[in-house]
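Peer 1: Sharing a structure with you now.
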Amino acid sequence: MEHFPPIKKACELAGGVTHFAKAIGVRPSTAHEWLTGRRPVPTRRCVQIEAKYCSPEVTRRTLRPSDWFEHWPELIFSSSSICQSDLGSQPKKGGA
């Protein structure tokens with residue numbers, strides 16, 4: 001069975017489908033449907049998933065590959081994700 005790569009990666013980072021589902025507040029069966037491609041990831045969950053799992057493989061673009069630009073037009077001319085934006089505001093290690 002082919003798995004949807006961004007959800008597969010998020011599940012790996014979470015420690016499994018059940019942990020992933022619990023972390024974002026959905027039923028494991030729902031997460032499994034996203035994983036197997038039976039249902040697309042709802043747009044309202046994409047930002048949450050991208051922010052939580054901060055991985056190049058888990059972005060709004062990869063979670064909604066066919067229509068991300070319709071939902072988040074601000075990403076068209078941007079290569080950043082929520083994670084990359086947040087990384088810039090993190091304090092630097094080792095002092096000033």
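The values are calculated or read from the model by the stated rules, or taken from the named source; none is laboratory data. For clarity, every value in this text was computed on a predicted model and none was experimentally measured. We place every Cβ from the backbone using ideal geometry, glycine too, and count neighbours over all the protein chains shown.
Peer 1: Run residue 38 past the list (1) assigned to a loop (DSSP other than H, G, I, E, B); (2) surrounded by 15 or more Cβ atoms within 10 Å (Cβ to Cβ) and report the number of the one that doesn't hold.
Peer 2: With (1) assigned to a loop (DSSP other than H, G, I, E, B); (2) surrounded by 15 or more Cβ atoms within 10 Å (Cβ to Cβ) applied to residue 38, the lone miss is (2).
Peer 1: Sticking with this structure for a sec: Would you point out which residue out of 26, 47 is touching a residue at least 12 places away in the same chain (Cβ under 8 Å), under 15 Å from the mean Cα position of the chain (by Cα) and assigned to a loop (DSSP other than H, G, I, E, B)?
Peer 2: 26
Peer 1: Being out of contact with any His (no Cβ under 9 Å at 6 or more places or on another chain) and in a loop (DSSP other than H, G, I, E, B) is true for just one of 33, 2. Which residue is that?
Peer 2: Selected residue: 2, the only one of 33, 2 that is out of contact with any His (no Cβ under 9 Å at 6 or more places or on another chain) and in a loop (DSSP other than H, G, I, E, B).
Peer 1: Next question. For residue 80, state whether it is modelled with pLDDT under 95, among the hydroxyl-bearing types (Ser, Thr, Tyr) and assigned to a loop (DSSP other than H, G, I, E, B).
Peer 2: Yes; evaluated as a whole, the condition is true for this residue.
Peer 1: Please find, within the range 50-77, the residue that is nearest to the chain's Cα centre (by Cα) out of those that are part of a helix (DSSP H, G or I) and over 24 Å from residue 19 (Cα atoms).
Peer 2: Going through the range 50-77, the residues part of a helix (DSSP H, G or I) turn out to be 50-53, 60-63, 68-71, 73-75.
Add one more test, that the residue is over 24 Å from residue 19 (Cα atoms), and what stays is 68-71, 73-75.
Values: 68: 12, 69: 15, 70: 17, 71: 15, 73: 17, 74: 17, 75: 14 Å.
Step by step, filter the range 50-77, then rank; the result is 68.
Peer 1: Here is a further query. Applying the selection to the range 1-23, what residues are of a type in the set (D, E, K, R) and more than 14 Å from the chain's Cα centre (by Cα)?
Peer 2: Correct list: 2, 22.
Peer 1: Filtering the range 34-44 down to residues that are more than 13 Å from residue 5 (Cα to Cα) and not β-branched (Val, Ile, Thr), which residue is farthest from the chain's Cα centre (by Cα)?
Peer 2: This residue is 38.
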